[in-house]
Amino acid sequence: EMKKKSSLFGVLITLSIVPLILSVVIISIISLTITKNNLEEKSRDTLFIVANNLASYCRENEINAINAADYYDYLDSLKEQNIEMAIIIDGAPCATSIKNENDYRIREIEFEKDMIADIAEIEEGYFDSNVVIDNKIYSAYYVPIKANNEIIGMAFAGELQSNITGATKS
């Protein structure tokens, strides 16, 4: 009689705890996925706004390959928020806030507009979550810089991918 009660108690406990644990696991996975997506979307939106503002700034100040290096103060203005900026103009070394380990500014940031089939995509701005600069991976937004209705270069805003994934993990 006593054995039946204890085995019945064990079965009841198992039947109540297993769904509880399962529901906690499922809710945790869903929460993590939603948080990760929200952080990535927020980062992407922020990078778009920064790149768009930089492109407008370049238009208003008529920035070109010759005078782009005069704007380092502006490019460095969001470093505290871990956002890097660059002015990439065809056929010229870029002006950027990104520095290498020797504290020199990076002169090359890849932007292969030939690899993007749709010109309209470049016109609207372009997001890339896998930009390698100085052996580090960035999520970045490129927005065109125009002069006389022609694209003369791209405004770049980027954030280290490890910062974005680090925020998700924490």
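The values are calculated or read from the model by the stated rules, or taken from the named source; none is laboratory data. Note that the structure is a prediction, hence the values are computed from the model and not measured. Cβ placement follows ideal geometry from the backbone for every residue including glycine, while neighbour counts extend to all protein chains displayed. Protein only, heavy atoms only, side chains kept; ligands, DNA and RNA dropped before computing areas. Shrake-Rupley method; radii C 1.70, N 1.55, O 1.52, S 1.80 Å.
Looking at TYR72, TYR104, TYR138, TYR57, which one is modelled with pLDDT of 85 or more and under 17 Å from GLU40 (Cβ atoms)?
Working: TYR72 fails: under 17 Å from GLU40 (Cβ atoms); TYR104 fails: under 17 Å from GLU40 (Cβ atoms); TYR57 fails: under 17 Å from GLU40 (Cβ atoms).
Only one candidate passes the filter, namely TYR138.
Per this entry, SER43 is counted among residues that are of a type in the set (Gly, Ala, Ser) and either loosely packed, with under 11 Cβ neighbours inside 10 Å or within 19 Å of the chain's Cα centre (by Cα) (or both).
State yes or no: is THR35 surrounded by 12 or more Cβ atoms within 10 Å (Cβ to Cβ), assigned to a helix (DSSP H, G or I), at pLDDT 90 or above and among the hydroxyl-bearing types (Ser, Thr, Tyr)? No, not satisfied. Of all residue pairs spaced 6 or more apart or on separate chains, those with beta-carbon atoms under 6 Å, a first member in the stretch 38-55 that is in contact (Cβ under 8 Å) with a residue 24 or more places away in the chain and a second member that is in a helix (DSSP H, G or I) are LEU39/ALA167; LEU39/THR168; SER43/ILE164.
Anything in the stretch 49-79 that is part of a helix (DSSP H, G or I) and open to solvent by 70 Å² or more (accessible area, probe 1.4 Å)? List them, or say none.
ILE49, ASN53, ARG59, GLU60, ASP70, ASP73, LYS79 - these are the residues of the stretch 49-79 that are part of a helix (DSSP H, G or I) and open to solvent by 70 Å² or more (accessible area, probe 1.4 Å).
Does ASN130 count as without any contact (Cβ under 8 Å) to a residue 60 or more places away in the chain, within 10 Å of the chain's Cα centre (by Cα) and open to solvent by 50 Å² or more (accessible area, probe 1.4 Å)? Spelling it out, ASN130 is indeed without any contact (Cβ under 8 Å) to a residue 60 or more places away in the chain, within 10 Å of the chain's Cα centre (by Cα) and open to solvent by 50 Å² or more (accessible area, probe 1.4 Å).
Of all residues in the stretch 78-91, those that are under 19 Å from GLU62 (Cα atoms) and either of a type in the set (S, T, N, Q) or touching a residue at least 60 places away in the same chain (Cβ under 8 Å) (or both) total 6. Go through the stretch 133-153 and give me each residue that's over 22 Å from ASN102 (Cβ atoms) and either open to solvent by less than 20 Å² (accessible area, probe 1.4 Å) or of a type in the set (Phe, Trp, Tyr) (or both). Hits for the stretch 133-153 are SER139, ALA140, TYR141, TYR142, VAL143, PRO144, ILE145, GLY153. Can we say PHE156 is open to solvent by less than 90 Å² (accessible area, probe 1.4 Å) and at pLDDT 90 or above? Taking the combined requirement at face value, the residue satisfies it. I need the full set of residues from the stretch 67-107 which are over 19 Å from ASP134 (Cα atoms) and of a type in the set (Gly, Ala, Ser), in order please. Of everything in the stretch 67-107, those that are over 19 Å from ASP134 (Cα atoms) and of a type in the set (Gly, Ala, Ser) turn out to be ALA68, ALA69, SER77, GLY91. For the stretch 82-101, filtered to residues that are open to solvent by 20 Å² or more (accessible area, probe 1.4 Å) and at pLDDT 90 or above, the residue that is farthest from ILE151 (Cα to Cα) is ASN82.
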